[in-house]
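To start, the structure itself, in structure tokens.
Computed from the coordinates by the stated procedures, all read-outs in this text should not be read as laboratory data. Predicted, not measured: the structure shown is a model, and the values here were computed from it. Neighbour counts are summed over all protein chains in view; Cβ atoms, including those assigned to glycine, are modelled from backbone coordinates with ideal geometry.
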Amino acid sequence: MTDDKTLILALTGINLLTFFFYWHDKRCARKGHWRVPEALLLGLALAGGSPTAYIAMQVLRHKTRKSSFRTRYWLVVAVQCAALVYWLTHGRPALNHVHFY
């Protein structure tokens, strides 16, 4: 499998996992159960799940009023955008030696 296909599969998996955890946290919040730690939700976004995290926040109407969470989420997105710009302008060096098995 090529590195690009592996990356696509990994990002698909992390985004599915991200939506699941946002949904699960919303469900726990409604039922008064133990919640998913915000650090995990933000970590999933940082790991590549930020598009789905945004979608989940809007669709599920979850974490949309908590300004401290939104600020940290947008910081994650800004870091990812900067990393993407670096990656695109420097010939994708990060994937040349990374193998996902």
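In the chain, excluding the sites themselves, the longest stretch lacking any of the trypsin sites (Lys or Arg not before Pro) that are in a DSSP loop with at most 16 other Cβ atoms within 10 Å is 67-101.
Globularity index of the range 43-82 is 1.07 (Cα radius of gyration / 2.2 N^0.38 Å, N = number of residues).
Local charge sum around Arg35 (other residues, Cβ-Cβ under 14 Å, Lys/Arg +1, Asp/Glu -1)? Can you show the working numbers first?
On the way: positive: Lys26, Arg27, Arg30, Lys31, Lys63, Lys66; negative: Asp25, Glu38.
Result for the neighbourhood of Arg35: +4.
Shape descriptor for the range 3-95: Rg over Rh equals 1.03 (Cα atoms; Rh from the Kirkwood inverse mean 1/r).
Based on alpha-carbon atoms, the Kirkwood radius and the radius of gyration of the range 15-65 give Rg/Rh equal to 0.93.
DSSP H helices in the chain with Cα extent of 24 Å or more along the helix axis and mean Kyte-Doolittle hydropathy at least 0.5? Intermediate values should be presented prior to the final figure.
Numbers: long enough: 3-31 (42 Å, 0.00); 67-89 (33 Å, 0.83).
Passing helices, by number: 67-89.
So if each residue of separation counts as 0.36 nm, and I subtract the Cα-Cα distance between Ala82 and Arg30, what length gain in nm does that give?
Values: separation 52, 0.36 × 52 = 18.72 nm, distance 3.58 nm.
Going from the current span to full extension adds 15.1 nm.
Of the chymotrypsin sites (Phe, Trp or Tyr not before Pro) found in the range 1-62, the ones in coil according to DSSP and having at most 10 other Cβ atoms within 10 Å of their Cβ are Trp34.
Please state the relative contact order of the chain as a whole percent: Cα pairs under 8 Å, 6+ residues apart?
Values: 72 pairs, mean separation 29.2, N = 101.
Reported as a whole number, the value is 29 percent.
In deg cm²/dmol and to the nearest 500, what is the mean residue ellipticity at 222 nm of the chain if only DSSP H runs of at least 4 residues count, each as -39500 (n - 2.57), divided by the residue total? Spell out each step's value before the answer.
Values: 4 runs with 69 residues, N = 101.
Mean residue ellipticity, 222 nm, calculated: -23000 deg cm²/dmol.
In debye, nearest 20, what is the charge dipole magnitude of the chain about its Cα centre with +1 on Lys and Arg Cβ and -1 on Asp and Glu Cβ, if you could check?
It comes to approximately 700 debye.
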